[in-house]
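The structure appears right after this line, and notes come after that.
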Amino acid sequence: MADYDFDLLVIGAGSGGVRAARVAAELGARVAVIESGKVGGTCVNAGCVPKKLLVYAAEFARAFADAPGYGYAHVTPAFDWPRLIAHKDREIARLNQVYERALQTAGVALLRGYARFEDEHTVSIGARRVSGRFILLAVGSAPRKSDIPGGELAITSDEVFSLARLPERVTLVGAGYIGLEFAGMFRALGAVTQLVHHRDQILSHFDHDVREHMAGVLRKQGMDVRCGVEVRRIERARAGQGLIAELSDGSSVLSDLVLFAIGRAPRTAGIGLPEIGIELDDDGAVRVDEYGRSSIEHVFAVGDCNGGTTLTPIAIAEGQAVARTMFGPAPVPIEHRNVPTAVFSLPAIAHVGMTEEEAREGGRELDVYRSQFTPLKHALSGRDEQCLVKLVVDRRTQRVLGCHMVGADAPEIIQGLAIAVHMGATKADFDRTLGLHPTAAEEFVTLRRAVR
Ligand SMILES: Cc1cc2nc3c(=O)[nH]c(=O)nc-3n(C[C@H](O)[C@H](O)[C@H](O)COP(=O)(O)OP(=O)(O)OC[C@H]3O[C@@H](n4cnc5c(N)ncnc54)[C@H](O)[C@@H]3O)c2cc1C
């Protein structure tokens, strides 16, 4: 057998790469991870973690606004964006260290620099060359940029986390989960917020009741939600008073910041993949089989770069599976069923399992249960914001196929329900479960009459 520097070379120390490296090392492999940026990848540095910290900051603003109903005097607290960003940076730096230590403890070598393929088993990092018996692509994805005139005046999610000041007026382009999270955060922190979406409804791929409900909630919050329009051009307003985004319906919006959240593209360009025969799809994602294996037997791809669902737990699960396939006793197929998903908007959205539309595909008959109600907290806060809970049930088997929620703590609640859905719980199981009172979550076990 040929002699390689490492049993496994991992390109990318993000969620998928780090997990794969650690599991492979535990299984006895000699592993190196190559990273051009900060250890921890998108989730830690420019995704889940910093995003959630900013959303927490925005939740305080909502709590201050709700407090007078609970007997507190009206206050307009002084808010310091640079201070928030500095505290967030400190926490991210701590997490970078935690990740680095975890690699070190596992005996994984960390090689700093940008990796490019030289041949099927060799990668260059600047002038250095390293070889691996297996190579794992865990290079993640990057925000898509707009190529409209003036598109360079806009930012993407990557830059939000280091903005020098909180903008007074923000235009979010794209109402997917990332767009909605930043829109909610900026709105709660006091910015005039406009949401521009090219489809006729926000949040494609979510349940239609959730999409409608949430659009209504955002409009009630005073957000300008414009669907079915695109941004055609961006230019500076006269006298430097912000940016004007011209829309396809002939209207325009003025703001201090335009943020494109129009999706992400796999970071697979420029590293020599087609040159060594690795097949990519039309979006540039690495084509993989059910084991995460690319068109080259010993090169695998996990996480955002393989065109699957772009979520941290997916990248982690795939990293673990491919490491076991390479170095464990038997190949482990990658399978994702009932993936719980959250949008950390304000209020939050979460679901597990099928949307009503997905469940109806193939003519399946359904019982749909839904409740819209004012959460107890808002009885005194006076906030005009309703919760939505919804169950999608297979009429024949009575299995719960999907649980959906819009409301405070929805992600925490849906994580628990995901276990039940995963285990194949029926509506009768939900009905037999005692409620935990008084909570919003108890609605899930007290839904008695199908609405459809
Ligand atoms: C704003 C935002 C919010 C998000 N929120 C959530 C959330 O709430 N929940 C959730 O589950 N997911 C969320 N995600 C998605 C999640 O962050 C990603 O799905 C996850 O990080 C993907 O992990 P990965 O290992 O595939 O790639 P990444 O974590 O992106 O890691 C890839 C790494 O590879 C490195 N790299 C790339 N090319 C090279 C090269 N040639 N040489 C060396 N190194 C290289 C990069 O620097 C990077 O560190 C969010 C993403 C964004 C952008």
Residues of the stretch 268-301 that turn out to be among the small types (Gly, Ala, Ser), within 24 Å of the chain's Cα centre (by Cα) and open to solvent by 10 Å² or more (accessible area, probe 1.4 Å), as a count: 2
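Quick one: count up the residues across the stretch 22-52 that are among the basic types (Lys, Arg) and either assigned to a helix (DSSP H, G or I) or farther than 19 Å from Thr105 by Cα (or both).
Taking the stretch 22-52 and keeping what is among the basic types (Lys, Arg), we get 22, 30, 38, 51-52.
Checking which are either assigned to a helix (DSSP H, G or I) or farther than 19 Å from Thr105 by Cα (or both) leaves us with 22, 51-52.
Qualifying residue count for the region: 3.
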Residue that is of a type outside the set (Phe, Trp, Tyr), open to solvent by 10 Å² or more (accessible area, probe 1.4 Å), out of contact with any strand residue (DSSP E or B) (no Cβ under 8 Å at 6 or more places or on another chain) and closer than 30 Å to Glu361 by Cβ, where the choices are Gly176, Gly190, Gly240, Gly228: Gly176
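Take Ala57 and decide whether it is among the aliphatic types (A, V, I, L, M), touching a helix residue (DSSP H, G or I) at 6+ places or on another chain (Cβ under 6 Å) and closer than 29 Å to Arg383 by Cα. Quick ask: steps written out before the conclusion?
Numbers: among the aliphatic types (A, V, I, L, M): yes; touching a helix residue (DSSP H, G or I) at 6+ places or on another chain (Cβ under 6 Å): yes; closer than 29 Å to Arg383 by Cα: yes.
For Ala57, the condition - among the aliphatic types (A, V, I, L, M), touching a helix residue (DSSP H, G or I) at 6+ places or on another chain (Cβ under 6 Å) and closer than 29 Å to Arg383 by Cα - is met.
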All positions within the stretch 244-267 that are open to solvent by 50 Å² or more (accessible area, probe 1.4 Å) and closer than 28 Å to Ile296 by Cα: Arg264, Arg267
First in the stretch 1-14 and assigned to a loop (DSSP other than H, G, I, E, B), second anywhere and open to solvent by 10 Å² or more (accessible area, probe 1.4 Å) and among the hydroxyl-bearing types (Ser, Thr, Tyr), Cβ under 8 Å, 6 or more apart: Tyr4/Ser131; Asp5/Ser131; Ala13/Tyr99; Gly14/Thr42
Neighbours by Cβ (under 7 Å, 6+ apart or cross-chain): first from the stretch 242-271, farther than 15 Å from Val231 by Cβ; second charged (D, E, K, R) and within 12 Å of the ligand (Cβ to nearest atom): Arg264/Arg144; Arg264/Asp304; Ala265/Arg144; Pro266/Asp304; Ile271/Arg116
Counted residues, the stretch 15-44 - those being within 7 Å of the ligand (Cβ to nearest atom) and either of a type in the set (Lys, Arg) or open to solvent by 10 Å² or more (accessible area, probe 1.4 Å) (or both): 8
Enumeration of residues in the stretch 103-130 that are open to solvent by less than 20 Å² (accessible area, probe 1.4 Å) and more than 14 Å from the ligand (Cβ to nearest atom): Val108
Number of positions in the stretch 130-158 that are among the hydroxyl-bearing types (Ser, Thr, Tyr) and closer than 30 Å to Asp289 by Cβ: 2
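The values are calculated or read from the model by the stated rules, or taken from the named source; none is laboratory data. Bear in mind the structure is a predicted one, so any value in this text is a computation, not a measurement. Ideal geometry is used to build each Cβ from the backbone, glycine not excepted, and the neighbour counts take in all protein chains shown. Protein only, heavy atoms only, side chains kept; ligands, DNA and RNA dropped before computing areas. Shrake-Rupley method; radii C 1.70, N 1.55, O 1.52, S 1.80 Å.
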